Amino acid sequence: MRYVVRENREITNGIYRLRLEFDGIPTPGQFIMINCGGNTLLKRPFSICDHDADEIAIVYRIKGKGTYNLSKVKALDTLEVTGPHGHGFDMFDKFNNILIVGGGIGIPPLLFLSKKLKSKNLKIALGFKSDVFLVDEFKKYGDVVIATEDGNTGIKGYVIDVMKGEIKDIDMIYGCGPMQMLKAVKDMAEEYDVPCQISVEEHMGCGIGACMVCACKTKTDSGFQYKKVCKDGPVFWSREVVF
Amino acid sequence: MNLKINIGNLELKNPVLVASGTFGFGKEYSHYIDLDDLGGIMVKGLTLYPKEGNPPPRIYETPSGILNSVGLQNPGVDVFIKDELPFLNRFNTKVIANIAGETIEEFVSLAQKLNIDGVDALEINVSCPNVKEGGMSFGVDPNSVYAITKKVKQVSNKTVIVKLTPNVTDIKIYAKAAEDGGADAISLINTVTGMAIDINTRRPVFKNVFAGLSGPAIKPIALKNVYEAKRAVSIPVIGMGGISSAEDALEFMIAGATAVAVGTYNFISPTGSIDILEGIKKYMLRNSIFDVNQLINSINV
Ligand SMILES: Cc1cc2nc3c(=O)[nH]c(=O)nc-3n(C[C@H](O)[C@H](O)[C@H](O)COP(=O)(O)OP(=O)(O)OC[C@H]3O[C@@H](n4cnc5c(N)ncnc54)[C@H](O)[C@@H]3O)c2cc1C
Ligand SMILES: Cc1cc2nc3c(=O)[nH]c(=O)nc-3n(C[C@H](O)[C@H](O)[C@H](O)COP(=O)(O)O)c2cc1C
Ligand code: FES
């Protein structure tokens, strides 16, 4: 489907927010695939950061040529997009004390999740290298604590250090961010015996579950199994995932 | 307008198929296109037992192409028959089972298990570059191609297609080996072997070092192989490799392909196979061609 871009602007150094007309009904944790044009071939996956009536937003970082091309797109341009794809975060009525842990460019999908969970008691721990983004929006939905690697904002250090202080009385943890962070979140969830879901990344081909290239190693009773990040995930129970 | 073509005894309603491994077992794409519109579906490579495949990463984008190293992850032939085939059989299209044995005996067992209603043809995959046992090691040896084809033909009551690898010096020898073994058709090309290196770690991107290149980057190679293979055999040729437009598909047919398969392009556009079919029809109308068979091997040299 081709959708009209409503806005595409830099919100902090090298990080952009793109708003797009959209007629699908996404759930938090799901993603879209965008044809980024130029001499890119495969579509690029991006998590949905926000959803309103007829519009979604993504927040992305310039990584290579696809995201660079995307950063040049202007309002009223159209983009070829598929989705929403994948299995997002499961939300449970019975859990009220929720901890959300995000790192870097893994943070965007957690905003959409926080919005959906806003009636709950939300603790939100966000980690950045230096420049922060989306923080004010998170503050609408819960208590936010911040860590930056250079101490630019909040506590100097890693989000996982902040998380430690917040984990008491938590019923459920949701995480998205770099692999080391997810591994630490998984370990801590297991240490404190709190159910935890994490959103993982893998390079994709089709994005819809047909080509088997987006393998995530998961534990099974008899050993392990490669599941599909695009279809079974990108959100998995942290217990399942083998790092 | 006639779009029907024949592959051995099998009549396809049109010459546009989807290539093995790029279309799963059809379910996912049924949300984007009507599977009834396809000439046929070449399903993901099936092995005798479930196969977990290679560790990630499994894909890497290159200029106009992708390298993949899936390693034939699939649920195995029995689960395919039980869980996937019934869905495919709801549609009025041909089901072509792509089979990958590690030994000749496994190819025979796979063919026997697939002697069932709902399977229209077998595609013998002797050309997968991403597995250690079997795969391309068979496909680069004409004697193996001949022997496997012959054994499968002996036990199978289906149309038998042999899928060839381009990673050989002379494709004609392999095309001929398949024909001599009794193949009803050949299909080509499977992926071209390639590699990529991460310059920061100086390690190969893929654990297996080599991977298979597909997409527009390989189209000229594929076209040349189809053209040459067609000249070596009298059985039909199914052409594939980088096809991303109706024009690409037409080139293959003019070069000698009776049918074409769309692979990597399904990833770029999930409706791509049908768009290509529509484009072929338009070309035929524009050029007053009433039977698609008139296009096959119509090259002027
Ligand atoms: C489920 C999911 C959600 C994502 N959500 C976001 C998001 O909200 N914001 C954001 O900035 N980024 C997100 N990413 C990462 C984003 O997809 C990559 O940064 C982007 O594909 C890079 O493309 P490129 O052409 O700029 O970079 P290149 O490095 O040139 O890309 C080359 C190839 O590798 C793939 N690739 C590179 N990095 C990644 C990666 N980390 N994950 C998957 N594929 C990759 C590209 O898609 C492309 O096929 C997400 C990834 C996944 C899997
Ligand atoms: C991700 C992926 C998986 C594939 N899996 C198989 C397979 O299981 N069996 C097979 O015979 N070919 C497989 N192929 C090869 C394709 O069927 C096709 O021959 C090749 O990709 C060239 O066509 P294309 O350039 O249009 O993709 C695979 C290709 C890709 C990209
Ligand atoms: S990207 Fe094709 S199965 Fe996930």
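The values are calculated or read from the model by the stated rules, or taken from the named source; none is laboratory data. Worth saying up front: this structure is predicted, and the values here are computed from it rather than measured. Reconstructed Cβ throughout: ideal geometry from the backbone, glycine too, with neighbour counts over all protein chains shown. Quick note on the areas: whole protein, heavy atoms, side chains included, nothing else; ligands and nucleic acids left out. Shrake-Rupley method; radii C 1.70, N 1.55, O 1.52, S 1.80 Å.
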Exercise. How big is the protein assembly as shown in terms of Cα radius of gyration and Dmax, in angstroms?
Worked result: 25.1, 78
Exercise. Chain B: percent of C-alpha pairs farther apart than 27 Å?
Worked result: 35 percent
For this session: Roll a 1.4 angstrom probe over the protein heavy atoms and tell me the percent of accessible area of chain B that is carbon or sulfur.
Result: 51 percent
Problem set entry | Within a Gaussian network of chain B (alpha carbon springs, distance under 10 Å), most fluctuating of B:ILE173, B:ILE186, B:ILE99 | B:ILE173
Exercise. If you place +1 on the Cβ of every Lys and Arg and -1 on the Cβ of every Asp and Glu, how big does the dipole about the Cα centre of the protein assembly as shown come out, in debye to the nearest 20?
Worked result: 680 debye
Seminar exercise, completed: In short, segment A:205-232 residues buried by 40 Å² or more of accessible area relative to the isolated chain (1.4 Å probe) are A:ILE208, A:ALA210, A:CYS211, A:MET212, A:VAL213, A:TYR226
For this session: May I ask you to work out the translational diffusion coefficient for segment A:2-85 at 10 °C, viscosity 1.306 mPa s, via Stokes-Einstein with Rh from the Kirkwood sum over Cα pairs, reported in whole µm²/s?
Result: 126 µm²/s
Exercise. Heavy-atom accessible area per residue, the protein assembly as shown, 1.4 Å probe: how many Å²?
Worked result: 41 Å²
Problem set entry | Total accessible area lost when A and B pair, probe 1.4 Å, Å² to nearest 100 | 2100 Å²
Problem set entry | Options A:VAL101, A:THR153, A:LEU134, ranked by Cα towards positive dipole end of segment A:97-199, top entry (Cβ charges) | A:LEU134
Seminar exercise, completed: Within 10 Å of the Cβ of an average residue in B:270-280, the count of other chain Cβ atoms is 1
Problem set entry | Furthest towards positive pole of dipole, A:ILE48, B:SER245, B:VAL43, structure part the protein assembly as shown, Cβ charges | B:SER245
Exercise. Using r as the Cβ-Cβ distance of B:TYR49 and B:ASN89, and R0 as 22 Å, what FRET efficiency do you calculate, to the nearest 0.05?
Worked result: 0.40
Exercise. Alpha carbon centre of segment A:27-73 versus segment B:222-301: separation in Å?
Worked result: 33 Å
Problem set entry | Residues whose placed amide H lies under 5 Å from that of B:LYS94, excluding near-sequence neighbours | B:GLY40, B:ILE41
Seminar exercise, completed: Of the candidates B:THR165, B:GLY135, B:VAL152, the farthest towards the positive dipole end of the protein assembly as shown (Lys/Arg Cβ +1, Asp/Glu Cβ -1, centred on the Cα centre) is B:THR165
Problem set entry | Highest-MSF residue in chain B out of B:GLY279, B:GLY40, B:GLY239 [GNM, Cα springs under 10 Å] | B:GLY279
Problem set entry | Of the trypsin sites (Lys or Arg not before Pro) in segment B:1-102, those whose Cβ has at most 15 other Cβ within 10 Å and which sit in DSSP loop | B:LYS4, B:LYS27, B:ARG90
Exercise. Relative contact order (percent) for segment A:2-85, with alpha-carbon contacts under 8 angstrom and 6 or more residues of separation?
Worked result: 40 percent
Problem set entry | Nearest-20 debye value, segment B:65-107 charge dipole, Cβ charges on Lys, Arg, Asp, Glu | 320 debye
For this session: Compute the separation of the alpha-carbon centres of segment B:172-203 and segment B:62-114 and state it in Å as a whole number.
Result: 17 Å
Exercise. Can you give me the relative contact order of chain A as a percent, contacts being Cα pairs under 8 Å and 6 or more apart?
Worked result: 17 percent
Exercise. Taking segment B:253-301, which chymotrypsin sites (Phe, Trp or Tyr not before Pro) meet the DSSP loop condition and have no more than 14 other C-beta atoms within 10 Å?
Worked result: B:PHE290
Exercise. At what distance in angstrom do the alpha carbon centres of segment B:142-158 and segment A:151-196 lie from each other?
Worked result: 57 Å
For this session: Only counting protein heavy atoms at a 1.4 Å probe, give the residues of segment B:190-222, ordered by number, whose accessible area falls by 10 Å² or more when the other protein chains are present relative to the chain alone.
Result: B:PRO216
Exercise. Where both partners of a DSSP beta bridge lie in the protein assembly as shown, what percent of those bridges are antiparallel, to the nearest 5?
Worked result: 50 percent
Exercise. So which residue, out of B:LYS207, B:LYS230, B:LYS163, gets the largest mean-square fluctuation from a GNM of chain B using Cα contacts under 10 Å as springs?
Worked result: B:LYS207
Exercise. Using a 1.4 Å probe on the protein chains only, how many percent of the accessible area of segment A:55-152 belongs to carbon and sulfur?
Worked result: 47 percent
